[in-house]
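Chemist: If you scroll down you'll find the structure; I have some questions about it.
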Amino acid sequence: MITLYKGGAYLINGKELIADDKDTMDILKNKLGSEHPSKEEAKKQTIAYGILEEHNTSHDMDKLKIKFDVLTSHDITYVGIIQTARASGLEKFPLPYVLTNCHNSLCAVGGTINEDDHMFGLSCAKKYGGVYVPPHQAVIHQYAREMLAGGGRMILGSDSHTRYGALGTMAMGEGGPELVKQLLKKTYDINMPEIVGIYLEGKPMKGVGPQDVALAIIGEVFANGYVNNKVMEFVGPGIAGLSADFRIGIDVMTTETTCLSSIWQTDEVIREFYEIHGRTEQYRELTPGPVTYYDGLVHIDLGKIKPMIAMPFHPSNTYTVEELNANLYDILDDVEKKAEISLGGQVNFSLKDKIRNNRLYVEQGIIAGCAGGGFENICDAADILRGKSIGPDEFTMSVYPASTPIYMEIVRNGAMADLMATGAIVKTAFCGPCFGAGDTPANNAFSIRHSTRNFPNREGSKLQNGQISSVALMDARSIAATAANKGYLTAATDMDVEYKNPKYHFDGTIYKNRVFDSKGNADDKVEVKLGPNIKDWPRMSGLPENLLLKVVSEIHDPVTTTDELIPSGETSSYRSNPMKLAEFTLSRKDPSYVGLAKEVQKAETARINGSSMEEALPELSPVLAVIRERYKEISSTELGIGSTIFAVKPGDGSAREQAASCQKVLGGWANIANEYATKRYRSNLINWGMLPLLIGREELPFHKGDYIWIPQIREAVKEKKTSFKAYVVNQDWKEFALKTGDLTDDERAIILKGCLINYYRD
């Protein structure tokens, strides 16, 4: 079904694969003669290399400085981004910046604050020359597909699922500070990423959808990091048999592999997509060169992929539906044991009680958002459910078309009527079910969803309140098949269905009538509308000469998600208020964190104000006594104090910068990790002036509550040191090593200044 090559591979004429091993050169000579390109030249024949080269401003393809064509943000990220840019000197959006409103669009939490954010967004689009898409019109990524993507373009978005590779657009999801850099006419600086070929052949069997293919890939490449921070390039003859919607459905889920970006070869199917959307001029044929080298290769036989399910609590926890139904007790028992780690024993969690008459019963089905809300997913679900009933029991079903044009089309072709006749509910474009702000199930309920993630609490439950429900990811077709069987888990391949495959007709009238598009014209006379919850970032100091860190949280889960660092759901309403939002930091993972971090922050505030740190935090007295005994020459002004957390592998999941900024707002100066799950989380730490520290996987020399002394840290950063000595300050004065990994000159400067705002303001 899926094979991962141990090394790289050559692709000849887009069809033939040659593994990179000891016989490769002989094979190439036999096929191509002695004039075949070198490996380095063949690497330049990837689609990704060509697009990156076109957007690189450094003239050095090893050290990229990228300028993007378009920026996108939604309503729980754009306020913080624009506020940061304004504080850094923003005068006008220098490139198209699209502000969508698909996360806090319900305006149901915290009084006026969500709509206040929307009015902030509209006023900024007018003042600085942007585009504003009102609530319920489209989820961010569907609007980008319909109106922004283009062959060979690059788009940067402040949402992790910014992926438009199927349309020939290299897109990346990053934390807000990376968008701020683009708004200030700076660049996105990365080393040239490795390119991994994703070779597709065969044709999916009837009933298999894009989520099935995506989950199969994620299950194979997530844990081993095969594509981590790399670009996934989809090639091969199997692509030709996939519709545009099918390709898009696979592509959007590449985020869950932890890859950097994605790109696909394009053809007449994609040209037709642009034609349907009235943008034929944006189509560009993209194909790999005659002899192309990939740094790794994933070989996929589409015809062997079966309906899949990703069980709680990660998209990589995958099984075939057939396998799950055949081994219910064993698999559910294993899922429960894994969940004990994720949930930390805070609540009782069970799934085996969902077994009824030896079948798995689920209470909810959701088809939604950038992954599930596509036209073909909804129409195929309607075909499966036509003339049936979801039943009057616990099982419920909701469908969220990804945009109003899709909504309008399913009204016109009758699919909406077919769905609603079954008892399913069709709602407006909204990302809520993806991040815990809509369709929260009952306590202990089990939901199956064609959405993007199934982390703990991602569906809206709260462990701190004793609530737990859970999500499994599935394709829309198998969700509909389950709904047709009134909640009993069913693979779509088990249903005898005639799929109509109706043609899609895009009607952009609603956008013309409702979307504000400045056409790039700024109006500096417009006043930015600031609701009472929209607050400026607090002042942040530069990196001190010497640093004392208190470990205020210690997390040993294999992976820590950004949802666990700063929860989604109702907290999203406070993303415009840095101090209020910071109160939720690690609230579901380590509720003691905020209080402990604040205590440490009191000491640093006292130091900055010229007062006694020991009076502000009495436990510091013996710690500082030990340090001063060894470092008599260091004055209080040269000794900064802050908090840090340890996590094995933090930062999986959302691109949200607040996972880092909330720690900084509470006085955080560093994270310590064995590795960082994603490049974007590490970048968020750096952009908020925090040290992305690394430690080996041997037994930790420190624990929660310990103090760590890092002398001459400012000098180490200035001198581009990547490794330095640190000490646990106790009776033993234990020495150990910390590393930062590679940092660019700009990243070092940002850390020295204390955050991106300081760096640009100065």
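Chemist: Is it the case, given these coordinates, that Thr744 is more than 17 Å from Gly640 (Cβ to Cβ), in contact (Cβ under 8 Å) with a residue 60 or more places away in the chain and surrounded by fewer than 17 Cβ atoms within 10 Å (Cβ to Cβ)?
Modeler: On the way: more than 17 Å from Gly640 (Cβ to Cβ): yes; in contact (Cβ under 8 Å) with a residue 60 or more places away in the chain: yes; surrounded by fewer than 17 Cβ atoms within 10 Å (Cβ to Cβ): yes.
In short, yes.
Chemist: Further question on the same structure: Yes or no: Ala472 within 18 Å of Thr318 (Cα to Cα) and not in a loop (DSSP other than H, G, I, E, B)?
Modeler: yes
Chemist: Which one of Glu527, Glu554, Glu545, Glu564 is of a type in the set (Asp, Glu) and surrounded by 21 or more Cβ atoms within 10 Å (Cβ to Cβ)?
Modeler: Within the list Glu527, Glu554, Glu545, Glu564, the selection yields Glu564.
Chemist: While we're looking at this one, here's another question. Among the candidates Asn485, Asn521, which residue alone is under 21 Å from Ile367 (Cβ atoms), outside the structural domain of Pro567 (by TED's automatic domain parsing) and polar (S, T, N, Q)?
Modeler: Working: Asn521 fails: under 21 Å from Ile367 (Cβ atoms).
Residue meeting the stated conditions: Asn485.
Chemist: Within segment 427-437, count every residue that is touching a strand residue (DSSP E or B) at 6+ places or on another chain (Cβ under 8 Å), surrounded by 23 or more Cβ atoms within 10 Å (Cβ to Cβ) and not hydrophobic (A, V, I, L, M, F, W, C).
Modeler: The qualifying residues number 1.
Chemist: Do you know which residues across segment 311-346 are in a helix (DSSP H, G or I) and of a type in the set (Val, Ile, Thr)?
Modeler: Listed by number, the residues that qualify are Val321, Ile331, Val335, Ile341.
Chemist: Output the helices (runs of 4 or more DSSP H) that fall wholly within segment 707-762 and possess 3 or more residues being under 23 Å from Leu184 (Cβ atoms), or say none.
Modeler: On the way: elements: 713-718, 745-753, 756-761.
Per the criteria, 745-753, 756-761.
Chemist: Please determine whether any residue of segment 239-258 is of a type outside the set (Asp, Glu), free of Cβ contacts under 8 Å to residues at least 40 places away in the same chain and not assigned by TED's automatic domain parsing to the domain that holds Thr169. Walk me through how you get there before you give the answer.
Modeler: From segment 239-258, those of a type outside the set (Asp, Glu) are 239-244, 246-250, 252-255, 257-258; that's our starting set.
Filter once more, so that each one left must be free of Cβ contacts under 8 Å to residues at least 40 places away in the same chain: 239-240.
Retained after the next criterion (residues that are not assigned by TED's automatic domain parsing to the domain that holds Thr169): 239-240.
Yes, segment 239-258 has at least one match.
Chemist: Residues being among the charged types (D, E, K, R) and touching a Gly at 6+ places or on another chain (Cβ under 7 Å): count how many of those fall in segment 256-274.
Modeler: Taking segment 256-274 as the starting set, the residues that turn out to be among the charged types (D, E, K, R) are 256, 267-268, 271-272.
Then drop every residue that is not touching a Gly at 6+ places or on another chain (Cβ under 7 Å), which leaves none.
Matching residues across segment 256-274 total 0.
Chemist: Hey, among the residues in segment 397-416 that are part of a strand (DSSP E or B) and in contact (Cβ under 8 Å) with a residue 40 or more places away in the chain, which one's farthest from the chain's Cα centre (by Cα)? I'd like the intermediate steps shown before the answer.
Modeler: Looking only at segment 397-416, we keep the residues that are part of a strand (DSSP E or B), and these are 397-399, 403.
This time we only want the ones that are in contact (Cβ under 8 Å) with a residue 40 or more places away in the chain, so: 397-398, 403.
Working: Met397: 26, Ser398: 24, Ser403: 21 Å.
Among those that are part of a strand (DSSP E or B) and in contact (Cβ under 8 Å) with a residue 40 or more places away in the chain, it is Met397.
Chemist: Looking at segment 254-288, which of its residues are modelled with pLDDT of 95 or more, part of a loop (DSSP other than H, G, I, E, B) and either out of contact with any strand residue (DSSP E or B) (no Cβ under 6 Å at 6 or more places or on another chain) or polar (S, T, N, Q) (or both)?
Modeler: Scanning segment 254-288 gives Gln265, Thr266, Asp267, His277, Gly278, Arg279, Tyr283, Arg284, Glu285, Leu286, Thr287.
Chemist: Can you give me the number of residues within segment 23-65 that are in a helix (DSSP H, G or I), under 32 Å from the mean Cα position of the chain (by Cα) and of a type in the set (Val, Ile, Thr)?
Modeler: Here the count works out to 2.
Chemist: So Lys15 fits all but one of (1) buried (at least 17 other Cβ atoms within 10 Å of the Cβ); (2) more than 30 Å from His141 (Cα to Cα); (3) in contact with a helix residue (DSSP H, G or I) (Cβ under 7 Å, 6 or more places away or on another chain); what number is the exception?
Modeler: (1)
The values are calculated or read from the model by the stated rules, or taken from the named source; none is laboratory data. Just so it is clear, the structure is predicted and the values come from calculations on it, not from any experiment. Quick reminder, even Gly has a Cβ in these numbers, built from the backbone with ideal geometry, and neighbours come from all protein chains shown.
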